[in-house]
Amino acid sequence: MWFWTFFQGILLFANAFAILNEDRFLARRGWTLAEMSRERRSTLKGQVIGLIHACQFLRLPLILLNIITIIVKLFSG
């Protein structure tokens, strides 16, 4: 039971990262992958930027996971 709730929470965070627009939101704050040098990618900020870009890159699997989650929630209640 807790695994399903944990999975839904992770899915919500991935959705939030996937919808962040690089031009409108991230570039203003200097959070683009192009601005990070090779040495700075190992910092916490660099790791978060990498996670955001990975979520944006994997939008299609994220959409499929959302559809599966919705279908399971519809049938299980």
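Here are some notes:
- In the chain, the longest principal axis of the Cα atoms and the axis of helix 2-18 are about 40 degrees apart.
- 0 to 90° range, to nearest 10: angle between helix 44-57 axis and the chain longest Cα axis: 50 degrees
- Kirkwood radius and radius of gyration were both taken over the C-alpha atoms of the chain, and their ratio Rg/Rh is 1.09.
- For the chain, the solvent-accessible area with a 1.4 angstrom probe is 79 square angstrom per residue.
- Surface share of carbon and sulfur [accessible, 1.4 angstrom probe, percent] for the chain: 71 percent
- Between the Cα long axis of helix 59-76 and the first principal axis of the chain there is an angle of about 20°, rounded to the nearest 10.
- Sorted largest first by accessible area at a 1.4 angstrom probe radius, with every protein chain in place, the residues 6, 17 fall in the order 6, 17.
- About its Cα centre, the chain has a charge dipole of approximately 140 debye under the convention of +1 per Lys or Arg Cβ and -1 per Asp or Glu Cβ, with nothing else charged.
- Whole-Hz ³J(HN,Hα) from phi, Karplus 6.51 cos²θ - 1.76 cosθ + 1.60, for segment 19-35, glycine and proline x: 8, 5, 8, 5, 6, 7, 10, 6, 5, 5, 9, x, 9, 8, 5, 5, 7
- Working from Cα pairs under 8 Å separated by at least six residues, relative contact order for the chain is 39 percent.
The values are calculated or read from the model by the stated rules, or taken from the named source; none is laboratory data. This is a predicted model, so every value here is computed, not measured. Neighbour counts run over all protein chains shown; Cβ positions are idealised from the backbone, glycine included. Note: areas computed on protein heavy atoms with side chains; ligands, DNA, RNA excluded. Shrake-Rupley method; radii C 1.70, N 1.55, O 1.52, S 1.80 Å.
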